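Since every read-out is calculated from the coordinates, none of them should be taken as a lab result. The shown structure was predicted, so the numbers you read here are calculated from the model rather than taken from an experiment. Here the Cβ positions follow ideal geometry from the backbone for every residue, glycine too, while neighbour counts run over all protein chains shown.
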Amino acid sequence: MDSMATQQILNQGGVQRRGVVDRPPVRIRSATIGDLFAIHEVHQSAFDGAEGDLTSDLAIRLLTETASPAVVSLVAEEDDLVGHVAFSPIRRAGTREVEGYLLAPLGVKRAFQGKGVGAALVEAGLQHVARLGLRVLLVYGDPAYYGRFGFSQERAASFIPPYKLRYPFGWQAHTFDRGKSFVRPHLIECSPSLEDPALW
Ligand SMILES: CC(C)(COP(=O)(O)OP(=O)(O)OC[C@H]1O[C@@H](n2cnc3c(N)ncnc32)[C@H](O)[C@@H]1OP(=O)(O)O)[C@@H](O)C(=O)NCCC(=O)NCCS
């Protein structure tokens, strides 16, 4: 049988299988140092040009950073790594008080986008921060995407970022008391890997 015919049968089988059996869910697990190159690849695929370099470098710096509490790096895998997200602790500036985490960066390989991988990574991070009993998860990204997870600009107003933002509308927070308790606006400190104005 020629390879074209074999490929057609495989393709048909794939379609039939998808119709009958659900696609297995993507697996989310903690990243290890062995994932370093694959994580770099994820962000190079997800982001264009210079943004790809900036983001993949950030992902690698966070993976190797020793912080307390620890940076949380999660990967999504099917056969290969298809997505990555990092959550790094944030403190009230000038104190040791850990208030929550910042979600950055998040990337899903281009060919795997739009299949729920990004959502699975964000949800896993939300659960992690909720389990730690912390106040807030911050993000600097597109409100059209993060709004669906309960992030809002209003709630982020209490947490003043360490650098001037190029896109202030992208600064959003998910608060775990649903924004019930008022927090006086104050400056926050991020982990050393994020101390780069180019990221903001
Ligand atoms: C943004 C990203 C992480 C989302 O991951 P994903 O696995 O593709 O997303 P999901 O499958 O969970 O969700 C898909 C939905 O998000 C929407 N979406 C994806 N990227 C979006 C964006 N930048 N702004 C608004 N909506 C977006 C899709 O249109 C889709 O909407 P629908 O559910 O109404 O059809 C991924 O597309 C990606 O890596 N993009 C390039 C890098 C990037 O922009 N990272 C985020 C930094 S803020």
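Structure summary
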item: For the chain, built as a Gaussian network whose Cα springs stay under 10 Å, the top-fluctuating residue of SER181, SER88, SER73; result: SER181
item: Cα shape, the range 124-165, gyration tensor, a/c 1.5 rule; result: oblate
item: Derived scalar couplings ³J(HN,Hα) [the range 78-88; Karplus, 6.51 cos²θ - 1.76 cosθ + 1.60; whole Hz; x for Gly, Pro]; result: 10, 7, 10, 6, 10, x, 8, 8, 10, 10, 10
item: Under-5 Å amide H pairs with PHE159, H placed in peptide plane, nonlocal only; result: HIS186
item: 5 angstrom amide H check on ALA93, placed H, neighbours 5+ away; result: LEU187, ILE188, GLU189
item: Assigned charges on the beta-carbon of Lys, Arg, Asp, Glu; the chain dipole about Cα centre (debye); result: 860
item: Helix-derived mean residue ellipticity, 222 nm - over the chain, DSSP H n ≥ 4, -39500 (n - 2.57), to 500; result: -10500 deg cm²/dmol
item: Order of HIS186, HIS128, HIS40, HIS84 - criterion: other Cβ atoms within 10 Å of each residue's Cβ, fewest first; result: HIS186, HIS128, HIS40, HIS84
item: Exposure proxy order (Cβ contacts within 10 Å, fewest to most) of GLU78, GLU154; result: GLU154, GLU78
item: Under Karplus coefficients 6.51, -1.76 and 1.60, residue-wise ³J(HN,Hα) of the range 92-97 in Hz, glycine/proline x; result: 5, 4, x, 10, 9, 5
item: Residues VAL183, VAL129, sorted so that the one with the fewest Cβ neighbours within 10 Å comes first; result: VAL183, VAL129
item: GNM result for the chain, Cα springs below 10 Å: residue of GLN44, GLN127, GLN172 fluctuating most strongly; result: GLN127
